[in-house]
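Below is one structure, written out as structure tokens; the observations come after it.
Readers should treat all values here as calculations from the given coordinates under stated rules, not as data from a laboratory. Remember, predicted model here, so these are calculated numbers, not experimental data. Cβ sites come from the backbone with ideal geometry, for glycine too, and all protein chains shown count toward neighbours.
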């Protein structure tokens, strides 16, 4: 369970609102990333208590990440582990997902050497022994509202009757612009019109990612996203951040289609489903 309010425990507890410790910070920060198959929670935390940190470093206690959405999931963290990767089939991240870190004892813990307690507990700390598998503290709650990434915000649509072609893909300063000679080419008025435009979105991503490679390593056919400097070009920066969010590590001429699959939330599958829907309605 996630503790959202102060809970009463018969022993000192480390929380951000606790008075049991002189300095009781237990601060959690989480960044959520995803690709087609996985969620990844990048975890940063701050614990002021040297006593608690020593328990973690000596494997006498462990951190447990609690993820609460439609149900509760618990993930034990190994020492120095900074992220948790979870298959999407194992968890449902809804529009309201809460996360919290718990501290759990792995053996009986004596508080005799806990010099971080307040004056009240110091007088009898030698008498405090916490059993194995007991909660020692919990962090603040981190809440995610809504989806974390909207790839199609990269795009603009414009109508230009003077075009020499039906469709033109332009790489703008910050967006990929799809120009249509006729508004009807956007499938306006059709069910799932946005999905029916996905082939043009695919073409735009291909063009933008090809330019990304040239802009960030002109002499190579591949780019290591962990090695390059953060792009200064606004559109490249959006693509860079999107690829990092989706855990893409390398972009090359050969894997552009795989990268598009990773960052675009199955646009071809949704296009196919839209076409099938039209066929079914037609029949």
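Before moving on, here are some points about what is shown:
- Under conditions of 20 °C and 1.002 mPa s, segment 20-77 yields 159 µm² s⁻¹ as its translational diffusion coefficient, taking Rh as the Kirkwood radius over Cα pairs in the Stokes-Einstein equation.
- Among 179, 80, 133, the order by Cβ neighbours within 10 angstrom, fewest to most, reads 80, 133, 179.
- The convex hull defined by the C-alpha atoms of segment 26-145 has an orientation-averaged projected area of 7.9 nm².
- Dividing the helix sum by the residues of the chain, where each DSSP H run of 4 or more adds -39500 (n - 2.57), gives a mean residue ellipticity at 222 nm of -7500 deg cm²/dmol.
- Taking every DSSP beta bridge that has both ends in segment 130-283, the antiparallel portion is near 60%.
- Relative to the longest principal axis of the Cα atoms of the chain, helix 198-216 runs at roughly 70 degrees.
- If R0 is 30 Å, the Cβ-Cβ spacing of residue 2 and residue 273 corresponds to a FRET efficiency of close to 0.25.
- Between 25, 118, 241, the GNM of the chain built on Cα springs shorter than 10 angstrom shows 118 fluctuating the most.
- Percentage of interatomic Cα-Cα distances in segment 221-283 larger than 15 Å: 60 percent
- Normalised by 2.2 N^0.38 Å, where N is the number of residues, the C-alpha radius of gyration of segment 151-282 stands at 1.13.
- Against the chain, whose longest principal axis comes from its Cα atoms, helix 267-282 is set at around 60 degrees.
- Stretchable slack from residue 88 to residue 183, in nm (0.36 nm times residue separation minus alpha-carbon distance): 30.5 nm
- Cα Rg over Rh - the chain, Kirkwood: 1.14
- The long axis of helix 234-245 is offset from the longest Cα principal axis of the chain by roughly 50 degrees.
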